[in-house]
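Beneath this line is the structure, given in structure tokens, with notes to follow.
The values are calculated or read from the model by the stated rules, or taken from the named source; none is laboratory data. Because the structure is predicted, anything quoted here is derived from the model rather than measured. Counting neighbours? That spans all protein chains shown, and the Cβs are built from the backbone with ideal geometry, glycine included. Please note that ligands, DNA and RNA were not included when accessible areas were found on the heavy atoms of the full protein model with its side chains. Shrake-Rupley method; radii C 1.70, N 1.55, O 1.52, S 1.80 Å.
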Amino acid sequence: MSVFDDPGLFGRLWAAGYDDGPNPDPIPAVDFLANLADGGPVLELAIGTGRIALPLAERGLTVHGVEASEEMLAEMRAKPGGDQIPVVVADMADVPVPGPFRLAYLVYNTLFNLVDAERQADCFRNVARVLSPGGAFVVEAFVPDPRSFDRDEQVQVRAVTEGSATIRLHRYDRPAQRFIRQTITFDSAGVHLKPFAMRYAWPHQIDAMAQQAGLRLTERYADWQGRPFDADSTSHISVYRAP
């Protein structure tokens, strides 16, 4: 199945060792979300290995999750408290949970893992359906920089040792606002492929999806610490509210 058609592919390929990768410190996000949760309950889409959900649960909030990858979910279940969080295994765009929730959130650019505009819009509509009145939907995403995809193809050397070499290749489809990335490792066991795809969007495009779903932007920051968002910001934390 194509990387564009399988929402669980990323988790199957990357779950093992995901928490060992260059993931940011989750505590600023946890602090921000806990303050916004208004006592809960809360919903994390693409809950993954529980980096955010578990600390929120430790603060007394009732956390629910949606996750497309059984492998990611197994990583969370192996952690203390991970088996206490109810999770539906499904495509996050469908939001197959009843609600209502005071807070739903998508962190670490995960909205862009939905690789076409229609599914991103579906996600907003379905989140709006399960939010309680005045509930919040928080989205963390990078601000696309055209300078980073000024060529249709890119090749990067990621790691070289005596026993292996890893390269990363990107191919961009700028009209569709999509890219496919392939991380290739060569070692004595053979060739190992880890494909990944994204459909990126600018903040104003995300705002339009939210507005079409009946949500309104109430706050936007440059980071989880609440620094002001401006024209030079490379990422944003956006808070959308239900009526």
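Please work out which residue is modelled with the lowest pLDDT, limiting yourself to segment 142-175 and to residues that are among the hydrophobic types (A, V, I, L, M, F, W, C) and open to solvent by less than 40 Å² (accessible area, probe 1.4 Å).
Phe149
Residues in segment 201-218 that are more than 21 Å from Asn113 (Cα to Cα) and out of contact with any helix residue (DSSP H, G or I) (no Cβ under 9 Å at 6 or more places or on another chain): Thr218 only. Set side by side, the residues Ile180, Ile237 differ, and just one is under 22 Å from Phe112 (Cα atoms), open to solvent by 30 Å² or more (accessible area, probe 1.4 Å), in contact with a strand residue (DSSP E or B) (Cβ under 7 Å, 6 or more places away or on another chain) and not basic (Lys, Arg), which is Ile180. Among the residues of segment 206-222, those that are open to solvent by 50 Å² or more (accessible area, probe 1.4 Å) and either farther than 20 Å from Phe32 by Cα or of a type in the set (S, T, N, Q) (or both) comprise Gln211, Gln212, Thr218.
Of all residues in segment 79-107, none satisfies the criterion of being on the phi > 0 side of the Ramachandran plot and not in a loop (DSSP other than H, G, I, E, B). Within segment 30-57, the set of residues being open to solvent by 10 Å² or more (accessible area, probe 1.4 Å) and not small (Gly, Ala, Ser) comprises Asp31, Phe32, Asn35, Leu36, Asp38, Pro41, Arg51, Leu54, Pro55.
What do you reckon, is Gly40 of a type outside the set (A, V, I, L, M), in contact (Cβ under 8 Å) with a residue 40 or more places away in the chain and not in a strand (DSSP E or B)? Break it down into steps so the answer makes sense when it comes.
Values: of a type outside the set (A, V, I, L, M): yes; in contact (Cβ under 8 Å) with a residue 40 or more places away in the chain: yes; not in a strand (DSSP E or B): yes.
Judged against the criteria, Gly40 is a match.
Of the residues in segment 178-201, not one is at positive phi and in contact (Cβ under 8 Å) with a residue 60 or more places away in the chain.
Every listed requirement among (1) under 16 Å from Val143 (Cβ atoms); (2) in a loop (DSSP other than H, G, I, E, B) is met by Gly226 save one, (1).
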